[in-house]
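Structure first, then comments.
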Amino acid sequence: MDAVQKEHERLSKRLKASQSTKNVQATIDLLQQARETIASDPEQASITLAKLQNPLKSSFDAINDSLKETHSGLNKYSKALDKLFKDRPLPSTEHDALTSQEHLINRAIAMHLLREGQFSVASIFLSEMAEAESSKRQGDDVAVEDDDASSVLDLEGVPSTEIRKQFATMYRILHELEENRNLLPAIQWARDNKEALEVRGSNLEFELCRLQFVWLFHGEQIQQGPISAAGRQAALEYARREFHTFMPRYLREVQQLVGAMAFCSNLNDSPYRNIFDNPSAWTDVAHSFTREFCSLLGLSADSPLYVAATAGAIALPTLLKLQTIMRAKRTEWTTENELPVEIPLPPSYLFHSIFVCPVSKEQATDENPPMMMPCGHVIAEESLKRLCKGSRFKCPYCPNESHPREARKVFL
């Protein structure tokens, strides 16, 4: 990658220092001057053209020399790119399970567009899906109105028109939060959905109200500056009016917010600095709002299409290597609905496991995840600790012995 960066910088410098544009403009100026001279005195045309010959030839030579340098830089840059990104065929799609599931791919694309706020693009995409589906069923081209697109995409019984309305609401609230530093629409949404959020154990409403308190405390300033008495008074009145609803669950957090009033003259050296001087506070609360909003719609906070595409890009080098080895050894991919090799994905792409330990009969949690022993059998981590007691132990399901450090965490 360093070689590509080096050639890119060298090419950029050549383009900036290139005289091609100036030489072309000089040639244009010579031709225009000659045209004006001939127009004013046609009898001098032959003399004017004779005088123009040598300057014009010199100008063209300068342009060609400059273009040669540019082309030379482009060739070196292209070679560096070809060397880094070698032209290799993609893995075969012979066993692609999604080939026969076009509607699932279309749904994923449509939902991704809606989640990204591309409502007009999503509407056109849904309309084209409806037209294609109608043509397939009727055998001819039939115009489909935009309203008919709502019947194409259903997500667990919810029409796509409702999904579009929900995401439009989410982006309107996010715009107010991120662009205008207006938390009130988000707070109102959290209160309208209070019961559903409480079932999830969500802290969203308190997070929003706490940030509203901090924003008022700083005098409603996007960039934090000197704390005014009016800001402190507004924050205190807000705490008296709103924070009683969060007792006793958030008693300690509320006490910290109100207690910080005593340190307003030297807040940066107080124990509460991390609450009132958090550069990522607005980004964090926006992410929390997006996550909770999507969860109430039965969706993940991240687009499944984006996650799948990114995971596929990470897995591609491994799959290419696997295909090369299989071709060399003349073997076939015999596993069904399962990869024959492990793909190293980042922790954010390893999702929560749902697993019941066959030893303890308890469901695995984040604190008690499933662990796979070298023999391939899986039990919960607590069961593993009880069996091994810090030394080698026998698997409860086969004669193999192993050490606890050899066990690996499993993501299902």
It is to be established whether one or more residues within segment 326-346 are open to solvent by less than 50 Å² (accessible area, probe 1.4 Å) and outside any loop (DSSP other than H, G, I, E, B). yes
Just one of the numbered conditions (1) in contact with a helix residue (DSSP H, G or I) (Cβ under 6 Å, 6 or more places away or on another chain); (2) modelled with pLDDT of 85 or more is not true of E198; which one? (1)
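Examine segment 308-317 for a residue that is aliphatic (A, V, I, L, M) and either in a loop (DSSP other than H, G, I, E, B) or in the same structural domain as R181 (by the TED database) (or both), and state whether such a residue exists. Break it down stepwise before answering.
First, pick out the residues of segment 308-317 that are aliphatic (A, V, I, L, M): 308-309, 311, 313-316.
Filter once more, keeping what is either in a loop (DSSP other than H, G, I, E, B) or in the same structural domain as R181 (by the TED database) (or both): none.
Looking for residues that are aliphatic (A, V, I, L, M) and either in a loop (DSSP other than H, G, I, E, B) or in the same structural domain as R181 (by the TED database) (or both), one finds none in segment 308-317, hence no.
Condition check ((1) touching a residue at least 24 places away in the same chain (Cβ under 8 Å); (2) at negative phi; (3) open to solvent by 70 Å² or more (accessible area, probe 1.4 Å)) across all residues:
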residue: A26; (1), (2), (3): yes, yes, no
residue: Q32; (1), (2), (3): no, yes, yes
residue: D41; (1), (2), (3): no, yes, no
residue: S46; (1), (2), (3): no, yes, yes
residue: A50; (1), (2), (3): no, yes, no
residue: N54; (1), (2), (3): no, yes, yes
residue: K57; (1), (2), (3): no, yes, yes
residue: H71; (1), (2), (3): no, yes, yes
residue: N75; (1), (2), (3): no, yes, yes
Mind checking whether some residue in segment 100-109 is within 28 Å of R164 (Cβ to Cβ) and at pLDDT 85 or above? yes
I need the full set of residues from segment 309-319 which are surrounded by 14 or more Cβ atoms within 10 Å (Cβ to Cβ), over 17 Å from F351 (Cα atoms) and either touching a Cys at 6+ places or on another chain (Cβ under 9 Å) or of a type outside the set (S, T, N, Q) (or both), in order please. L316, L319
Per-region count, segment 368-409, residues over 19 Å from V356 (Cα atoms), in contact with a Phe, Trp or Tyr (Cβ under 9 Å, 6 or more places away or on another chain), open to solvent by less than 80 Å² (accessible area, probe 1.4 Å) and in a strand (DSSP E or B): 1
Looking at (1) surrounded by 14 or more Cβ atoms within 10 Å (Cβ to Cβ); (2) at pLDDT below 70, can you tell me which one D154 breaks? (1)
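Check whether at least one residue in segment 259-273 is surrounded by 12 or more Cβ atoms within 10 Å (Cβ to Cβ) and closer than 21 Å to I187 by Cα, and report yes or no.
At the first step, the residues of segment 259-273 found to be surrounded by 12 or more Cβ atoms within 10 Å (Cβ to Cβ) are 259-261, 263-264, 267, 270, 272-273.
Retained after the next criterion (residues that are closer than 21 Å to I187 by Cα): none.
There is no residue in segment 259-273 that is surrounded by 12 or more Cβ atoms within 10 Å (Cβ to Cβ) and closer than 21 Å to I187 by Cα.
Do we find that G231 is without any contact (Cβ under 8 Å) to a residue 12 or more places away in the chain, assigned by the TED database to the domain that holds E179 and small (G, A, S) in this structure?
Considered against the rule, which asks whether it is without any contact (Cβ under 8 Å) to a residue 12 or more places away in the chain, assigned by the TED database to the domain that holds E179 and small (G, A, S), G231 comes out as no.
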Mind checking which helices (runs of 4 or more DSSP H) fall wholly inside segment 235-303 and carry at least 2 residues that are under 33 Å from the mean Cα position of the chain (by Cα) and at pLDDT below 90? 273-276, 281-296
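Do we find a residue being of a type in the set (F, W, Y), surrounded by 14 or more Cβ atoms within 10 Å (Cβ to Cβ) and closer than 30 Å to F206 by Cβ anywhere in segment 289-308? Even if it seems obvious, please write down each step before you answer.
Step one: list which residues in segment 289-308 are of a type in the set (F, W, Y), which gives 289, 293, 306.
Then drop every residue that is not surrounded by 14 or more Cβ atoms within 10 Å (Cβ to Cβ), which leaves 289, 293.
Next, from what is left, pick out any that are closer than 30 Å to F206 by Cβ: 289, 293.
Checked against the condition, which is being of a type in the set (F, W, Y), surrounded by 14 or more Cβ atoms within 10 Å (Cβ to Cβ) and closer than 30 Å to F206 by Cβ, segment 289-308 yields at least one hit.
The values are calculated or read from the model by the stated rules, or taken from the named source; none is laboratory data. Small disclaimer: the values here were computed from a predicted structure and weren't measured. Positions of Cβ are generated from backbone atoms using ideal geometry, with glycine treated the same way; all protein chains shown enter the neighbour counts. Each accessible area value is taken on the protein alone, full model and side chains, heavy atoms only, with ligands, DNA and RNA left out. Shrake-Rupley method; radii C 1.70, N 1.55, O 1.52, S 1.80 Å.
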